[in-house]
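To start, the structure under review is shown below, and the notes come after it.
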Amino acid sequence: MQPPAGHESLPHTRPRPVHWLATAAALAALITGAALLGPGDTTATATTAQPVKAPDARTARYPVDCGGTSTEIVKQAPADLDGDGRPETAAVVRCASGAGTRPSGLYVLTPPTAGGGTPRVLATLVDPREKMSITGFKVVGDTVSATLLGYSAASVPRCCPDLRRAVEWRWKDGKFALTALPVAGSV
């Protein structure tokens, strides 16, 4: 390209391959230096956070009177059940027994308020005083589900529950809402 009439073309105003190579080399050095140096220690420590672990059901204290025997964790499952971004643990608990099946409780645990503390019981979904056994326990997403086994009368032998109901709980309006599922064979 020719300069306009009356203008002189200076050698430094015309890009040559050597100029493009120098620019590319400088840009590559800048990117490499930034990648090697990184954002620095102050940035890394400010954004690094430890994820909250789900409570361990074995370390919690439950509102259960076992009359001198220990509690037994039958099953436990972690999940964010209340939608706050931190995991809770749903746990099926009963008093340990050598024979027979003691009534079960179903509890939702939340992490301790202070580091190193014991998990807290956020909710009691099934109280052992209701004298029910729990089977089919599972947690899927934000839903806790189970099958409750119970007795229609005090005369029904404790070995053989005659009532059965599938239920599930979901967090709603600041508490767990119980939904009884249809009874098998009902219309």
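The values are calculated or read from the model by the stated rules, or taken from the named source; none is laboratory data. Nothing here was measured: the structure is a model prediction, and the numbers come from that model. Cβ coordinates were reconstructed from backbone atoms using ideal geometry, including for glycine residues, and neighbour counts include every protein chain displayed. Accessible surface is based on the protein model in full, side chains and every heavy atom, while ligands, DNA and RNA are left aside. Shrake-Rupley method; radii C 1.70, N 1.55, O 1.52, S 1.80 Å.
Using the Cβ atoms and a cut-off under 14 Å, what net charge is assigned to the surroundings of residue 181, where Lys and Arg are +1 and Asp and Glu are -1? Before the final figure, lay out the partial values.
Numbers: positive: 138, 164, 165, 170; negative: 168.
Here the count lands on +3.
Mind checking the full-extension length gain between residue 179 and residue 130? Use 0.36 nm per residue of separation minus the Cα-Cα distance, one decimal, nm. Mind dumping the intermediate values first?
Values: separation 49, 0.36 × 49 = 17.64 nm, distance 1.73 nm.
Contour length minus Cα-Cα distance gives 15.9 nm.
On the accessible surface of the stretch 57-187, probed at 1.4 Å, how many percent belong to carbon and sulfur atoms?
Details: 3920 of 7600 Å².
Result for the stretch 57-187: 52 percent of the exposed heavy-atom area is carbon or sulfur.
What full-extension length gain, to one decimal in nm, is calculated for residue 65 and residue 96 as 0.36 nm per residue of separation minus the Cα-Cα distance? Gain on stretching residue 65 to residue 96: 10.0 nm.
Ignoring aspartates and glutamates fewer than eight residues from residue 131 along the same chain, the ones with Cα atoms less than 19 angstrom from its Cα are 65, 72, 162, 168. Using the Cβ of residue 79 as centre and a radius below 9 Å, the other residues enclosed give a net charge of -3, where K and R count +1 and D and E count -1.
In summary, the aspartates and glutamates within cross-link reach of residue 53, defined as a Cα separation below 12 angstrom excluding same-chain residues under 8 places away, comprise 80, 88.
Among 123-134, 58-69, 87-98, sorting by the average number of other beta carbon atoms lying within 10 angstrom of each residue, highest first, gives 87-98, 123-134, 58-69.
In this structure the amide hydrogen of residue 125, modeled in the peptide plane, comes within under 5 Å of the amide hydrogens of 106, 107, 108, none closer than 5 places in sequence on its chain.
The H on the amide N of residue 171, modeled in the peptide plane, is under 5 Å from the matching H of 177, each at least 5 residues off or on a different chain. A 1.4 Å probe run over the protein chains yields, for the stretch 112-154, 53 Å² of accessible area per residue, whole-number rounding.
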